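J.: Got a structure here, written out as structure tokens. Questions coming.
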Amino acid sequence: QELYLQVRDRPCRVVDVRVESLGPEVEGPGGSSQSPKPLRLKQEILDRELDRVYEAKTLRGVHEALERSVEVLRQLEVFDDVTALIDAQPLDEPDSCSVQLSLQEVARYRFGGGTYTQGGEYSV
């Protein structure tokens, strides 16, 4: 926290955003596990939300833009979890950073069940 307060107003630009799809691993042929399926969210929507992150000029600006982007993505209600991490770039680029965005989409199908009883009649 203290370090952030010291460097938050220094120049900083985002040079890379890595988006990771989290979720259950998909079972492949022969029972082998594969990476989670790609995101179903349209790339244009994701790009629109990340544009503000690329436009930020300071670490504070990147932080605030990323918070806003994460908030908007959560409001879409297509993700169970959205997390973001700002990471420093190598020493040869001291005024730059990268962003790791981890997205876990909601399940495609949700099933519910119940029993209704009335008098002597039953239905499922």
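The values are calculated or read from the model by the stated rules, or taken from the named source; none is laboratory data. Please read these numbers as outputs of a predicted model, since none were measured by experiment. The area values use the complete protein model at the heavy-atom level, side chains included, leaving out ligands, DNA and RNA. Shrake-Rupley method; radii C 1.70, N 1.55, O 1.52, S 1.80 Å.
J.: Could you tell me which of the residues L46, L50 is modelled with pLDDT of 90 or more and open to solvent by less than 50 Å² (accessible area, probe 1.4 Å)? Working first, answer last.
T.: Numbers: L46 fails: modelled with pLDDT of 90 or more.
Unique residue meeting the criteria: L50.
Per-residue answers, yes or no, for (1) modelled with pLDDT of 90 or more; (2) hydroxyl-bearing (S, T, Y):
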| site | (1), (2) |
| --- | --- |
| V17 | yes, no |
| S32 | no, yes |
| P36 | no, no |
| T58 | yes, yes |
| G61 | yes, no |
| Q75 | yes, no |
| V82 | yes, no |
